[in-house]
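> Please see the structure below; I have some questions.
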Amino acid sequence: MKLTRHFVEKPWGRTDLPSAFAAPDGKRIGEIWYESDESPTLPLLVKWLFTSEKLSIQVHPTDAQAAARGLPSGKEECWYIVDAEPGAVLGIGTKRPLDAAELRAASLSGEIEDLIDWKPVRAGDYFYIPAGTVHAIGAGITLVEVQQYADVTYRLFDYGRPRELHLDDGVAVSRAEPYGDPRSGHIAPDVYLADGPVFWLRSLATRSYSRSDFASGRCWLIPVQGKVYCDDQVVEIGECMVTSAFDAIIVDDAAICLIAGA
């Protein structure tokens with residue numbers, strides 16, 4: 001089943017999306033969500049993000065922390081960089097450990113912008129972002145995000161934009177410390193980019209796969225370059241397909257495709 005894509009306007013979005021997305025004219029699109037038109041809600045959400053400005057410095061809760069607040073789940077996510085302008089950066093973790101009081105004070109003063117670890121990125125880089133990680137996405141980046149299906153974000157700092165901050169909740173769930181998750185690096189063919197408690201994410205090589213090559217359950221096909229064939233269906237860049245039963249996935253020469261599962 002190919003998922004329906006929904007365009008989401010954001011103040012930090014872009015009007016010049018790649019042609020594969022046919023963005024609404026004049027709209028500042030920051031995110032495209034891929035969702036099912038059927039119920040129940042799928043456990044994973046795939047997004048494309050397009051940034052012209054920095055996103056807020058933010059954090060997400062774990063499942064346990066979310067449950068304590070009456071929310072259905074926390075949010076773990078993984079980013080794959082599709083394109084990055086020269087000098088583009090991601091903020092992941094802080095340069096040094098901060099306790100709760102320091103994190104709150106830095107968020108209020110704006111010092112958090114200098115304390116977050118801004119990492120230079122290029123196309124093909126990936127980063128798994130565990131819940132509790134203080135993070136931000138910089139300007140000039142196109143990325144694919146695979147995440148738990150949860151719209152729960154606590155903003156710590158937003159560069160003076162007139163949007164609500166969530167300091168009490170955000171500080172309470174943050175692990176403000178240097179990032180050292182091993183589920184990060186630069187893409188290689190046919191490797192697991194992430195294997196987390198909620199989902200896995202794998203790159204596909206230029207070859208044919210059978211259903212037995214992947215764990216049981218649903219799989220999300222996410223082409224980021226070229227075409228992929230799943231049985232008798234073609235999945236192209238800008239599309240996302242979810243399936244639990246198939247005979248073969250064939251990755252075209254020079255195509256780049258991610259596959260996620262839950």
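The values are calculated or read from the model by the stated rules, or taken from the named source; none is laboratory data. As the structure is a prediction and not an experimental result, all values here were calculated from the model. We place every Cβ from the backbone using ideal geometry, glycine too, and count neighbours over all the protein chains shown. Surface accessibility is based on the protein's heavy atoms, side chains included, excluding ligands, DNA and RNA. Shrake-Rupley method; radii C 1.70, N 1.55, O 1.52, S 1.80 Å.
> For D114 paired with D25, estimate the spin-label separation in nm (one decimal), with each label point 7 Å from Cα along the Cα-to-Cβ line.
My value for the distance between the label points is 4.6 nm.
> Something else now. Count of lysine pairs in the chain with Cα atoms under 30 Å apart, counting only pairs 8 or more residues apart in sequence or on different chains?
Taking the chain as the scope, the lysine pair count is 28.
> Can you list the residues, at least 5 places off or on another chain, whose amide H is less than 5 Å from the amide H of I137, using H built in the peptide plane?
It is L55, G91, by chain and number.
> Related question: In a solvent-free Debye calculation with one equal scatterer on each Cα, what is log10 I(q)/I(0) for region 85-212 at q = 0.15, 0.18, 0.20 Å⁻¹, listed in the order of the q values?
With no solvent term, the Cα-only Debye profile gives -0.79, -1.08, -1.27.
> Okay, moving on. On average over all directions, what projected area in square nanometres does region 12-112 have, based on the convex hull of its Cα atoms?
Values: hull surface 38.5 nm².
Quarter of the Cα hull surface area: 9.6 nm².
> Shifting gears a bit: How large a share of the accessible area of the chain, in percent, is made up of carbon and sulfur atoms when the probe is 1.4 Å and the other protein chains stay in place?
Here carbon and sulfur together make up 49 percent of the probe-accessible area.
> Below 8 Å between Cα atoms, with a sequence gap of 6+, how large is the relative contact order for region 185-230 in percent?
24 percent
> For R218, tell me the accessible area in Å² from a 1.4 Å probe, rounded to the nearest 10.
Result for R218: roughly 100 Å² accessible.
> Rg(Cα) of the chain divided by 2.2 N^0.38 Å? Numbers along the way, then the final one.
Details: Rg = 18.2 Å, N = 262, 2.2 N^0.38 = 18.3 Å.
Expressed relative to 2.2 N^0.38 Å, the Cα Rg reads 1.00.
> Where only protein heavy atoms count, and the probe is 1.4 Å, what is the accessible area per residue for the chain in Å²?
Per-residue accessible area for the chain comes out at 43 Å².
> Hey, what angle do you get for helix 100-109 against the long axis of the chain, alpha-carbon based, 0 to 90 degrees rounded to 10?
The helix 100-109 is inclined about 90 degrees to the chain.
> For the pair S244 and L71, what calculated FRET efficiency results from E = 1/(1 + (r/R0)^6), where r is the Cβ-Cβ distance and R0 = 22 Å, to the nearest 0.05?
Computed FRET efficiency for L71 and S244 comes out at 0.25.
> Using alpha carbons only, how many angstrom separate the centre of region 124-156 from the centre of region 198-262?
22 Å
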